[in-house]
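Data first, discussion second: the structure below is written as structure tokens.
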Amino acid sequence: MLASEIRALFAVASRPEVVSLAGGMPNIAGLPLDAVGDVLAKVLADRGQVALQYGSGQGDPALREQICDVMALEGIRAHADDVVITVGSQQGLDLVTRIFCDPGDVVLAEAPSYVGALSVFRSYQAEVVHVAMDDDGLRPDDLRAAIGQLEQGLRRPKLLYTVPNFHNPAGVSMARERRAEVLEICQAAGVIVIEDNPYGLLGFDAEPTPALRSLDDGVIYLGSFSKTFAPGFRVGWVTAPHGVRDKLVLAAEASVLCPPTFSQLAVSTYLATEPWQQQIKSFQEMYRERRDALLTALDDMFPPGAVWTRPAGGFYVWATMPAGLDTKAMLPRAVTARVAYVPGTAFYADGSGASSLRLSYCYPTPERIREGVRRLADVIAGELDLLETFGGPDRVRRPMRARPQAPAPDTA
Ligand code: PMP
């Protein structure tokens, strides 16, 4: 196991003077805390003895029913028996990988891919093979090519891990017309599809696109309340075919005995008594405003030659700098200038991504986002000047290893 680049960053990026475009923390400032307090009080008053007790390994049956209603918004028809509640979708991914992957097994994942998933795959010693994306998400032709190439070496990938909606970190979504094709390719090759969908209901412009799981019951679907409600409850779920579901429950029991009952009842009561769909709408509006602020600032200030994605939902923009610029080497200088991002290499298992970076717009205010981009654009301009003067990334990297100085007081 290795410390992720995001982990080291959190300490620095959480200083108030730094505009953090790094972490992907949901912005729960919009949640009405008094209403959440009422929900918690109700849980204790009505079902305190149950809420503070161990529960079932598969999770609370009533919450599993409600989760089926949530998934129906993305076209999924599932039964509560198919659902296993987990400690965030992160635990769901951990359990699925534990069940399927032996050391040396191949997992296909988008290029780039969610850093927390790469950590899970690495911890089970699975080998990640990346599959290219474009503005319409995972590319079926590259998926076919990756599987074909592995087959030539007599290897078959076990899993395809995909984040089809508002991808972390790429900010793109898998086009509706690609979804069936991706499933067909995987079916033909005997590859199990894991659909990780924490952002699916956070689209800004349109109704949710039907989930992969809505097209194929064999897909293992990971869901979460972290982005549509609050991550502190740590409630996520896996929807899986029966045989897999049974193994998941056994693996979950071995891992945590049962998911936290209090959290589950809190989420369940919230769904039953609060206008949660309205709350999701208000999250969408808040994130849309921030997305707009980031895209406008990038359009106004980023240098020619840089390109970036234009997300229609979720939290992230993926930007790629002119060739030669190393975003990891640039980071100390950016932090000195009081702006943080995540270097692209964090999102690849194979060391690629050096000229890209992830910008999260979910947390700072629109004004701070603009100020952050102004600072970052200055840093990038400085890097590009150096690159032009010294003519190569190796030369440019040296001055950037200097320790960042104490940041000047924030004025933004
Ligand atoms: N998958 C993706 C793509 C994510 O972005 C995240 C959180 N950043 C997770 C899974 C984990 O979410 P949680 O465990 O809070 O449900």
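Could you please find all residues in segment 139-173 being away from the ligand (no atom under 16 Å from the Cβ) and in contact (Cβ under 8 Å) with a residue 40 or more places away in the chain?
First, the residues of segment 139-173 that are away from the ligand (no atom under 16 Å from the Cβ): 139-158.
Residues satisfying the conditions are P140, L143, R144, I147, L150, R155, R156, P157, K158.
For segment 177-193, indicate whether the set of residues that are within 16 Å of the ligand (Cβ to nearest atom) and in a helix (DSSP H, G or I) is non-empty. Don't jump to the end; show me each part of the working.
Looking only at segment 177-193, we keep the residues that are within 16 Å of the ligand (Cβ to nearest atom), and these are 193.
Subset that is in a helix (DSSP H, G or I): none.
So far as segment 177-193 goes, no, none of its residues is within 16 Å of the ligand (Cβ to nearest atom) and in a helix (DSSP H, G or I).
Can R245 be described as part of a helix (DSSP H, G or I) and in contact with an Asp or Glu (Cβ under 8 Å, 6 or more places away or on another chain)? Write out each step before concluding.
Numbers: part of a helix (DSSP H, G or I): yes; in contact with an Asp or Glu (Cβ under 8 Å, 6 or more places away or on another chain): yes.
Spelling it out, R245 is indeed part of a helix (DSSP H, G or I) and in contact with an Asp or Glu (Cβ under 8 Å, 6 or more places away or on another chain).
In segment 44-59, which residues are in a loop (DSSP other than H, G, I, E, B) and surrounded by 15 or more Cβ atoms within 10 Å (Cβ to Cβ)? Explain how you work it out, then say what you get.
Looking only at segment 44-59, we keep the residues that are in a loop (DSSP other than H, G, I, E, B), and these are 52-59.
Correct list: G55, S56, G57, Q58, G59.
Restrict the check to segment 305-322 and report whether at least one residue is among the hydroxyl-bearing types (S, T, Y) and part of a helix (DSSP H, G or I).
Checking segment 305-322: not a single residue is among the hydroxyl-bearing types (S, T, Y) and part of a helix (DSSP H, G or I).
Table: residues versus (1) surrounded by 17 or more Cβ atoms within 10 Å (Cβ to Cβ); (2) at pLDDT 95 or above; (3) over 20 Å from Y363 (Cα atoms); (4) hydrophobic (A, V, I, L, M, F, W, C).
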site: D292; (1), (2), (3), (4): no, yes, no, no
site: A306; (1), (2), (3), (4): yes, yes, yes, yes
site: G313; (1), (2), (3), (4): yes, yes, no, no
site: A319; (1), (2), (3), (4): yes, yes, no, yes
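Among the strands (runs of 3 or more DSSP E) confined wholly to segment 60-138, which include 1 or more residues that are free of Cβ contacts under 8 Å to residues at least 60 places away in the same chain and within 15 Å of the ligand (Cβ to nearest atom)? Show your work before the answer.
Details: elements: 83-87, 106-111, 127-134.
Fully inside segment 60-138 and qualifying: 106-111, 127-134.
Go through segment 323-337 residue by residue and tally those that are part of a helix (DSSP H, G or I) and either in contact with a Phe, Trp or Tyr (Cβ under 9 Å, 6 or more places away or on another chain) or more than 30 Å from A126 (Cβ to Cβ) (or both).
8
Of V163, V70, V83, which residue is under 20 Å from A254 (Cβ atoms), aliphatic (A, V, I, L, M) and outside the structural domain of Y348 (by TED's automatic domain parsing)?
On the way: V163 fails: under 20 Å from A254 (Cβ atoms); V70 fails: under 20 Å from A254 (Cβ atoms).
Answer to the check: V83.
Among A189, A272, A240, which is the only one that is within 20 Å of A117 (Cα to Cα) and not charged (D, E, K, R)?
From the options A189, A272, A240, the qualifying one is A240.
Please enumerate the residues belonging to segment 367-394 that are in contact with a Leu (Cβ under 7 Å, 6 or more places away or on another chain), aliphatic (A, V, I, L, M) and modelled with pLDDT under 95.
Result: L384, L387.
Give just the number: which of (1) out of contact with any helix residue (DSSP H, G or I) (no Cβ under 9 Å at 6 or more places or on another chain); (2) surrounded by fewer than 19 Cβ atoms within 10 Å (Cβ to Cβ); (3) touching a residue at least 12 places away in the same chain (Cβ under 8 Å) does D299 not satisfy?
Among (1) out of contact with any helix residue (DSSP H, G or I) (no Cβ under 9 Å at 6 or more places or on another chain); (2) surrounded by fewer than 19 Cβ atoms within 10 Å (Cβ to Cβ); (3) touching a residue at least 12 places away in the same chain (Cβ under 8 Å), D299 violates only (3).
Of (1) more than 21 Å from the chain's Cα centre (by Cα); (2) touching a residue at least 40 places away in the same chain (Cβ under 8 Å); (3) assigned to a helix (DSSP H, G or I), A41 satisfies all except one. Which?
Here A41 meets the rest and fails (2).
Residues of segment 194-234 being within 11 Å of the ligand (Cβ to nearest atom), hydroxyl-bearing (S, T, Y) and in a strand (DSSP E or B), which ones?
Result: S224, single match.
What are the pairs with Cβ atoms under 9 angstrom where one residue, in segment 181-200, is without any contact (Cβ under 8 Å) to a residue 12 or more places away in the chain and the other, located anywhere, is not in a loop (DSSP other than H, G, I, E, B)? Sequence gap at least six, or different chains.
E184/P140; A188/I147
Go through (1) among the small types (G, A, S); (2) over 23 Å from the mean Cα position of the chain (by Cα); (3) closer than 23 Å to G30 by Cβ for A312 and report which single condition fails.
(2)
Residue under question is V235, and the condition is that it be assigned by TED's automatic domain parsing to the domain that holds I192, crowded, with 17+ Cβ neighbours inside 10 Å, touching a strand residue (DSSP E or B) at 6+ places or on another chain (Cβ under 9 Å) and under 23 Å from I85 (Cα atoms); does it hold?
Working: assigned by TED's automatic domain parsing to the domain that holds I192: yes; crowded, with 17+ Cβ neighbours inside 10 Å: yes; touching a strand residue (DSSP E or B) at 6+ places or on another chain (Cβ under 9 Å): yes; under 23 Å from I85 (Cα atoms): yes.
Against the criterion (assigned by TED's automatic domain parsing to the domain that holds I192, crowded, with 17+ Cβ neighbours inside 10 Å, touching a strand residue (DSSP E or B) at 6+ places or on another chain (Cβ under 9 Å) and under 23 Å from I85 (Cα atoms)), V235 qualifies.
So F204 ticks every box in (1) outside the structural domain of L183 (by TED's automatic domain parsing); (2) surrounded by fewer than 20 Cβ atoms within 10 Å (Cβ to Cβ) but one. Which box is left unticked?
(1)
Give me a count of the residues in segment 338-385 that are in a strand (DSSP E or B) and either under 15 Å from T309 (Cβ atoms) or within 19 Å of the chain's Cα centre (by Cα) (or both). Explain how you work it out, then say what you get.
Of the residues in segment 338-385, the ones in a strand (DSSP E or B) are 339-340, 342-343, 356-360.
Keeping just the survivors that are either under 15 Å from T309 (Cβ atoms) or within 19 Å of the chain's Cα centre (by Cα) (or both) gives 340, 342-343, 356-360.
The qualifying residues number 8.
The values are calculated or read from the model by the stated rules, or taken from the named source; none is laboratory data. Bear in mind that the values here come from a model prediction, so they are computed numbers and not experimental data. FYI the Cβ positions are ideal-geometry reconstructions off the backbone, even for glycines, and counts take in every protein chain you see.
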